[in-house]
1. Taking the full set of protein chains and a 1.4 angstrom probe, give the accessible area of V153 in square angstrom, rounded to the nearest 10.
2. Each residue of segment 101-117 in turn: what ³J(HN,Hα) in whole Hz from Karplus with 6.51, -1.76, 1.60 and θ = phi - 60°, glycine and Pro shown as x?
3. When only the heavy atoms of the protein chains count and the probe is 1.4 Å, how do E56, E62 rank by accessible area, highest first?
4. Students sometimes get this wrong: rank L136, L157 by accessible area, probe 1.4 Å, all chains present, largest first.
5. Applying the Karplus parametrisation 6.51 cos²θ - 1.76 cosθ + 1.60 with θ = phi - 60° to the phi angles of segment 125-135, what ³J(HN,Hα) value in whole Hz is obtained for each residue in order, glycine and proline being reported as x?
6. Cβ under 12 Å from R112's Cβ, R112 left aside: what net charge do those residues give with Lys, Arg +1 and Asp, Glu -1?
7. At a probe size of 1.4 Å, how large is the accessible area of H148, to the nearest 10 Å²?
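The values are calculated or read from the model by the stated rules, or taken from the named source; none is laboratory data. Predicted model, so just to flag it, every value in this text is computed and none were measured. Here the Cβ is made from the backbone with ideal geometry for all residues, glycine too, and neighbour counts use every protein chain on show. Heavy atoms of the whole protein, side chains included, go into the accessibility calculation; ligands, DNA and RNA do not. Shrake-Rupley method; radii C 1.70, N 1.55, O 1.52, S 1.80 Å.
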Amino acid sequence: MRGQAFTATSCPYCGAEHDLGASPSREPMVGRTLPAGIRVLELLGDTPVGPHYRAEYPTGIEVAVLILGSSAELALPRSSVQPAIQIKHPNVLAIHDLNETDDGVVYAVAERLTGEFLSATLARRGALPLWEALDLCRQAAAGLQAAHDLGSVHGSLSPYTILLAQTVGDRLPAVPVLL
């Protein structure tokens with residue numbers, strides 16, 4: 001496109017380049033204040049769900065803001081995402097709130113974790129030892145069971161949606177967290 005800036009990012013699934021400015025869900029959020037006074041501080045990166053940001057409540061508590069898309073784009077009704085907020089399990093990312101900006105960007109407020117996606121770990125280390133792979137599978141299955149118990153289904157389980165979280169509170173090192 002002549003005369004227009006093209007800011008590209010690679011899709012973690014297909015590797016294709018996508019224009020970050022092409023839809024409302026990719027608008028820069030840094031510096032915005034969301035409902036409940038949540039200030040968006042910095043872009044952390046992209047997940048298979050969409051971009052995610054470091055943000056904080058007025059109290060200083062840090063959270064992650066995951067952009068799900070615009071209300072016009074979302075294929076699933078927001079009511080079908082709402083049950084994810086009820087899932088409380090050490091192997092499932094805790095979602096605190098689901099909301100929408102005045103300009104129609106739907107986002108989730110989630111706990112702020114640090115770690116590495118399983119895909120990056122596999123790229124860096126290669127195949128995991130069997131005992132480690134089985135332990136990660138067991139923990140991921142426990143998280144899926146917690147979601148299933150509440151009638152929720154994780155539709156895109158992959159190495160790109162399993163975060164190996166660093167120790168946070170009662171979490172163990174390298175705990176897979178389903179996004």
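1. Approximately 130 Å² of V153 is accessible to the 1.4 Å probe.
2. 6, 4, 9, x, 8, 8, 9, 10, 9, 10, 4, 9, 10, 10, x, 9, 5
3. So, going from the largest accessible area down, we get E62, E56.
4. These residues rank, largest area first, as L157, L136.
5. Working through the residues one at a time gives 9, x, 4, 7, x, 3, 4, 6, 4, 5, 5 Hz.
6. -3
7. Taking all protein chains as shown, H148 has close to 120 Å².
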